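Participant: I am attaching a structure below and will ask some questions about it afterwards.
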Amino acid sequence: MQDAFYLAGMFSNDVRPVGAVPRLPLGAFESLPRAYRTQRMVVAAMASLVLMTGAGIMVWLSLSDDVVPRWAGFGAALAGTLIVGWGVLLADRGYKRMGFLLREHDLTFQRGWLIRTQVTVPLARIQHSEVHRTPLDRWLGLSTLRIYTAGSSGANLSIPGLQAETAHALRTAILQDGTTD
Amino acid sequence: MAQRIDFQRWNRQHSLGVILLTVRNAVRVAKSFWPLLLPLWLRGEALPRYGVLAMMGVGVLLLGYTLMEHWRFTFRLRPGALHVKSGVFLRKRTVIPFDRIQAVQLSQGALQRILGLTGLTIDTAGTKGNELEFLALNWRDAEALRNAIAPGAHPTTVEEPESILQLDWRQLVRISLAQNHLRNGLIALSAPFALLSQVDGALEWFMDWVPWWLPLVATMLSFILWFPALVFAVLVGTFASFSVVFLKHFGLTLKAKSRQRFHVQAGLLRRFAFTIERSKIQTATWSDTPLSRWLGFESLLWSQARAGSAEPGREQRLTIPGVEGQQRRTLDELLFPGWRRDAPPVLRPVAALRWVRWIPWWVAAGIWQALTPFSVGNVIFGAGLVLWGGWVAHRYVASRMVRLSDSALASQRGWWKRTTTMTQFHQVQRVEVRQAFWHAHRGIAHLILHTAAGSIRLSFLPEREARSFADRILHAVETSSEPWM
């Protein structure tokens, strides 16, 4: 009897996934353009240059003068090298972990290597957005998209290193959702 | 008495407002110059002649500016918006659409009560600080204006508001008793010193004034006096608690109008009346202490958006102390329909957290054993430290939980002082999943839900549950069409 019901398609009781809500696909994030890695490296290199100049002066002073002891010079050189190495590592790893994901109703950005954060903003909650470009950005053809939600005093989500057309496309998507709601 | 102002025309505030404006401007000037003026006064020197002339000049300028400020400030109501013209040198014209208004607050300071005037503040969460402030309106006019512009105002609803809570003096005494007297006492006692330290030279002057033998005697007596001193601090603190509670919350009433708007009114010397729409309340936080639990009440804090309020500590807050069990159920039902307080907890931190939080106590006990000579008493003390730490760590972790209804969540934490923060799903405007790399290895994550007025942080959750809960919140936000700000 029961089987007949099932076969006739009059009744079904399929397994339904509990909490059937769309999941954030963790593997589908879009990475940032390679030029942004270059930009991070340039910034790290400039900082390193300043740091290494300082360390170089210390080494030179410790070798040529009695004012600065020998160990301080070598200590400065070692510390400088370590910090520069760490900065370059961060610039690379930080870039690798960055990515964004635009869905129909929200925008997600993930960043951070030691401390990883993943921020999702529903498009309907965005108050305004702006595209920001520094001279270095312009030279590499990049821009930063900043997104503001209500009650904030600074940007709540800022996606750096986007190509101009990507930034524009993201903005268009945000604006469209804002007008249809 | 009929309302006196025709809001359709350009109006000025009450002319007695000039007095209030003068006082406010004079206080502002004095505030910016007081570190200069106080030492002069303390030294007791007579002002030189040019000083008197300069002060008179400043006074005349101030009065002229104030008169102009009062004259230039005009306002009127247009359909859907409030128009204001203001400014002396820099002339401004402000238009505030009604549906952008977050909250309207009426307040009466002591001077305003003497003059029979009312201040009115409008908040829109737009730019920095308060958007617009009226200093001097007649109470009736202020109420009429409030009713015309308040969020969600409908001229057709003449429904009698439903009274939810009214504090009488007995409840105020209980609320006062449950304050932290020691803290209040220390603040009250240290306030004069904090004030003195603001003034260059004032502290030195005070030190000079103290005779040389007083510190010596005080040091000798302090061993005998520390207990009376503590009692004294608590007594001062009790007095401070009572004064603050009675001044702030005297005659507090909370009313709900058509289940959508709340009116709060309170104050002994400084009266205030506050109107807020249900949907503009971003988070509701309940808190209690063992003492207040024993006396049978909790304290409620409503957070609401204003400029910069998404950052912690910047939100607009409204405190309602002394909410009893039945009243809490009523409020929960109004704010979060279908809320069940005994809903089973769905999210808890990972169990391993209690072991991690136990580690510092072991370290402390180890240091104790290493530093003190070996004796039975010391070993017992170390063991006691470890046991106590284990218990505290367990209670800390066990007290953290999240309860849910179909549309709202409540995050509970703390076992000594308990706080429960509640929000509706659709009020979340940003979801953040955060983990350090060592957490990532162990499948642990923090989930932070940002509203327009403060955030709710759910720490050390199992990563899978944190992510699926984030998905659920996002789904709720994105499918909701309810007003959220």
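The values are calculated or read from the model by the stated rules, or taken from the named source; none is laboratory data. All values reported here derive from a predicted model rather than from experimental measurement. Heads up, the Cβs are rebuilt from the backbone with ideal geometry, glycines too, and the neighbour counts pull from every protein chain shown.
Participant: Please determine whether any residue of region B:67-78 is at pLDDT below 85, more than 30 Å from the chain's Cα centre (by Cα) and basic (Lys, Arg). Give the derivation first.
Facilitator: In the first step, residues of region B:67-78 are kept if they are at pLDDT below 85; the result is none.
Within region B:67-78 (the criterion being at pLDDT below 85, more than 30 Å from the chain's Cα centre (by Cα) and basic (Lys, Arg)), the answer is no, since none of the residues qualifies.
Participant: I'd like the full set of residues that are within 14 Å of chain B (Cβ to nearest Cβ) and either over 28 Å from B:Ala470 (Cβ atoms) or touching a His at 6+ places or on another chain (Cβ under 9 Å) (or both), limited to region A:78-99.
Facilitator: To start, the set of residues in region A:78-99 that are within 14 Å of chain B (Cβ to nearest Cβ) comprises A:89-90, A:93-94, A:96-97, A:99.
Listed by number, the list holds a single entry, A:Leu89.
Participant: Residue by residue through region B:457-484, note down the ones that are part of a loop (DSSP other than H, G, I, E, B) and of a type outside the set (Gly, Ala, Ser).
Facilitator: Result: B:Glu482, B:Pro483, B:Trp484.
Participant: From B:Pro211, B:Pro228, which residue is in a loop (DSSP other than H, G, I, E, B) and at pLDDT below 90?
Facilitator: Working: B:Pro228 fails: in a loop (DSSP other than H, G, I, E, B).
When all the criteria are applied, what remains is B:Pro211.
Participant: Oh, and also: Considering only residues of region B:351-380 that are under 41 Å from the mean Cα position of the chain (by Cα) and among the aromatic types (Phe, Trp, Tyr), which is farthest from B:Leu461 (Cα to Cα)? I'd like the intermediate steps shown before the answer.
Facilitator: Within region B:351-380, the first condition is being under 41 Å from the mean Cα position of the chain (by Cα), and the residues that meet it are B:351-365, B:367-368.
Now restrict to residues that are among the aromatic types (Phe, Trp, Tyr): B:355, B:358, B:361-362, B:368.
Numbers: B:Trp355: 15, B:Trp358: 18, B:Trp361: 23, B:Trp362: 24, B:Trp368: 33 Å.
Out of the qualifying residues, it is B:Trp368.
Participant: Evaluate region B:417-434: report whether one residue or more is under 24 Å from A:Leu114 (Cβ atoms) and either hydrophobic (A, V, I, L, M, F, W, C) or out of contact with any Leu (no Cβ under 9 Å at 6 or more places or on another chain) (or both). So that I can check it myself, show each step before the final result.
Facilitator: The initial filter retains those residues of region B:417-434 that are under 24 Å from A:Leu114 (Cβ atoms), namely B:430-434.
Still in the list and also either hydrophobic (A, V, I, L, M, F, W, C) or out of contact with any Leu (no Cβ under 9 Å at 6 or more places or on another chain) (or both): B:431, B:433.
Yes - at least one qualifying residue is present in region B:417-434.
Participant: Keeping to region B:412-442, report how many residues are more than 9 Å from chain A (Cβ to nearest Cβ), of a type in the set (S, T, N, Q) and more than 19 Å from B:Glu333 (Cβ to Cβ).
Facilitator: Count: 1.
Participant: Determine whether B:Glu482 is in contact with a strand residue (DSSP E or B) (Cβ under 9 Å, 6 or more places away or on another chain) and more than 9 Å from chain A (Cβ to nearest Cβ). Talk me through it step by step, then tell me what you get.
Facilitator: Values: in contact with a strand residue (DSSP E or B) (Cβ under 9 Å, 6 or more places away or on another chain): yes; more than 9 Å from chain A (Cβ to nearest Cβ): yes.
Spelling it out, B:Glu482 is indeed in contact with a strand residue (DSSP E or B) (Cβ under 9 Å, 6 or more places away or on another chain) and more than 9 Å from chain A (Cβ to nearest Cβ).
Participant: Now for a different question. Is one or more of the residues making up region B:384-402 within 14 Å of another protein chain (Cβ to nearest Cβ) and in contact (Cβ under 8 Å) with a residue 24 or more places away in the chain?
Facilitator: We begin by selecting, within region B:384-402, every residue within 14 Å of another protein chain (Cβ to nearest Cβ); these are none.
No - not one qualifying residue is present in region B:384-402.
Participant: Which condition number does B:Ser468 fail, the rest of (1) in contact (Cβ under 8 Å) with a residue 24 or more places away in the chain; (2) within 14 Å of another protein chain (Cβ to nearest Cβ) being met?
Facilitator: (1)
Participant: Considering only residues that are of a type outside the set (A, V, I, L, M) and under 22 Å from B:Gln102 (Cβ atoms), look in region B:287-306 and name the one that is nearest to the other protein chains (Cβ to nearest Cβ).
Facilitator: The first filter runs over region B:287-306 and keeps only residues of a type outside the set (A, V, I, L, M), leaving B:287-290, B:292-294, B:296-299, B:302-304, B:306.
Add one more test, that the residue is under 22 Å from B:Gln102 (Cβ atoms), and what stays is B:302-304, B:306.
Details: B:Trp302: 14, B:Ser303: 10, B:Gln304: 9, B:Arg306: 7 Å.
Residue satisfying both the conditions and the ranking: B:Arg306.
Participant: Among the residues of region B:111-132, how many are loosely packed, with under 12 Cβ neighbours inside 10 Å and either modelled with pLDDT of 80 or more or in contact with a Gly (Cβ under 6 Å, 6 or more places away or on another chain) (or both)?
Facilitator: Within region B:111-132, the subset loosely packed, with under 12 Cβ neighbours inside 10 Å is B:114, B:127-129.
Right, trim to either modelled with pLDDT of 80 or more or in contact with a Gly (Cβ under 6 Å, 6 or more places away or on another chain) (or both) and you get B:114.
Within region B:111-132, residues that are loosely packed, with under 12 Cβ neighbours inside 10 Å and either modelled with pLDDT of 80 or more or in contact with a Gly (Cβ under 6 Å, 6 or more places away or on another chain) (or both) number 1.
Participant: Scan region B:243-260 and give yes if some residue there is within 14 Å of chain A (Cβ to nearest Cβ), crowded, with 20+ Cβ neighbours inside 10 Å and either outside any strand (DSSP E or B) or of a type in the set (Asp, Glu) (or both), otherwise no.
Facilitator: The answer is no; no qualifying residue exists.
Participant: How many residues are out of contact with any His (no Cβ under 9 Å at 6 or more places or on another chain), crowded, with 19+ Cβ neighbours inside 10 Å and either at pLDDT 80 or above or not in a loop (DSSP other than H, G, I, E, B) (or both) if we restrict to region B:136-163?
Facilitator: 4
Participant: In region A:100-181, which strands (runs of 3 or more DSSP E) lie fully inside it and hold 2 or more residues that are surrounded by 14 or more Cβ atoms within 10 Å (Cβ to Cβ) and either within 8 Å of chain B (Cβ to nearest Cβ) or of a type in the set (Phe, Trp, Tyr) (or both)? Explain how you work it out, then say what you get.
Facilitator: Values: elements: A:106-111, A:115-122, A:126-132, A:142-149, A:157-163.
Those strands (runs of 3 or more DSSP E) span A:106-111, A:115-122, A:142-149.
Participant: Taking the stated definitions as given, is A:Arg70 among the basic types (Lys, Arg) and away from every other protein chain (no Cβ under 14 Å)?
Facilitator: Numbers: among the basic types (Lys, Arg): yes; away from every other protein chain (no Cβ under 14 Å): yes.
It is true that A:Arg70 is among the basic types (Lys, Arg) and away from every other protein chain (no Cβ under 14 Å).
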